[in-house]
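These notes are about the structure you will find just below.
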Amino acid sequence: MIYRVETERLGLREILVSDAETMFELNSDPEVLRYTGDDPFESVEATREFLENYSDYQRNGFGRWIVVLKATGEILGWCGLKRDRETNEVDIGYRFFRKHWNKGYATEAAKACLVFGFEELKLDKIIGRARKENTASLNVFDKLGMSFKEGFEEDGESWKLYGIEN
């Protein structure tokens, strides 16, 4: 398996079209999507179509990556960086199957992505956004050494913006 980023426990690789069923399953859990503002995919086929058109790797050289538990090969979820086309900001994001919550995987994967962003991509700054009720994600930002920047409203919800500079 070729990973873009590795930690002791985890391997992060590009999301493949063949991952459509797994990504559909991940995005079908209302608890996983609870604080994201995202809607679930309508079908595995819609997920496959999304992945076929996902161009972040080609456009930016990075994107959201599948997170694999190296010991078993099990897909835990995804984590990675994303460049906003309008603002040019790069944010860190993650989404894991519920059975893998509270095991340190989000923090471990996200730390590896920050290192990749600063050391490999030479980014100056990486941001993170989370709904104010999403204490688990806010705790991950704290563990990453990110600092609270500001609160903001979007789509009738209260969000918090965090950032870290190289």
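Each value in this text was obtained by applying a stated rule to the coordinates, not by laboratory testing. Here the structure is a predicted model, which is why all the values come from computation and not from measurement. Every residue, glycine among them, receives a Cβ derived from its backbone with ideal geometry; neighbour counts consider all protein chains shown.
If you go through the stretch 110-119 and keep only what is in contact with a strand residue (DSSP E or B) (Cβ under 9 Å, 6 or more places away or on another chain) and over 12 Å from LYS143 (Cβ atoms), you end up with ALA112, CYS113, VAL115, PHE116, GLY117, PHE118.
Of the residues PHE152, PHE141, only one is over 24 Å from THR7 (Cα atoms) and hydrophobic (A, V, I, L, M, F, W, C); which?
Of PHE152, PHE141, the one residue that is over 24 Å from THR7 (Cα atoms) and hydrophobic (A, V, I, L, M, F, W, C) is PHE152.
State yes or no: is LYS99 without any contact (Cβ under 8 Å) to a residue 40 or more places away in the chain and within 26 Å of ILE75 (Cβ to Cβ)? Yes: the conditions hold for LYS99.
Here's the yes/no breakdown for (1) of a type in the set (A, V, I, L, M); (2) surrounded by 13 or more Cβ atoms within 10 Å (Cβ to Cβ); (3) closer than 17 Å to MET146 by Cβ:
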site	(1), (2), (3)
ASP56	no, yes, no
ILE66	yes, yes, no
GLY80	no, yes, yes
VAL90	yes, yes, yes
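Residues checked against (1) in contact with an Asp or Glu (Cβ under 7 Å, 6 or more places away or on another chain); (2) more than 21 Å from LYS111 (Cβ to Cβ); (3) of a type outside the set (S, T, N, Q):
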{"site": "ARG34", "(1), (2), (3)": "no, yes, yes"}
{"site": "ASP39", "(1), (2), (3)": "no, yes, yes"}
{"site": "PHE50", "(1), (2), (3)": "no, yes, yes"}
{"site": "ASN53", "(1), (2), (3)": "no, yes, no"}
{"site": "ASP56", "(1), (2), (3)": "no, no, yes"}
{"site": "GLY61", "(1), (2), (3)": "no, no, yes"}
{"site": "TRP78", "(1), (2), (3)": "no, no, yes"}
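Where strands (runs of 3 or more DSSP E) fall wholly inside the stretch 43-133, the ranges with 3 or more residues that are within 17 Å of THR7 (Cα to Cα) and of a type in the set (A, V, I, L, M, F, W, C) are 64-69, 74-83.
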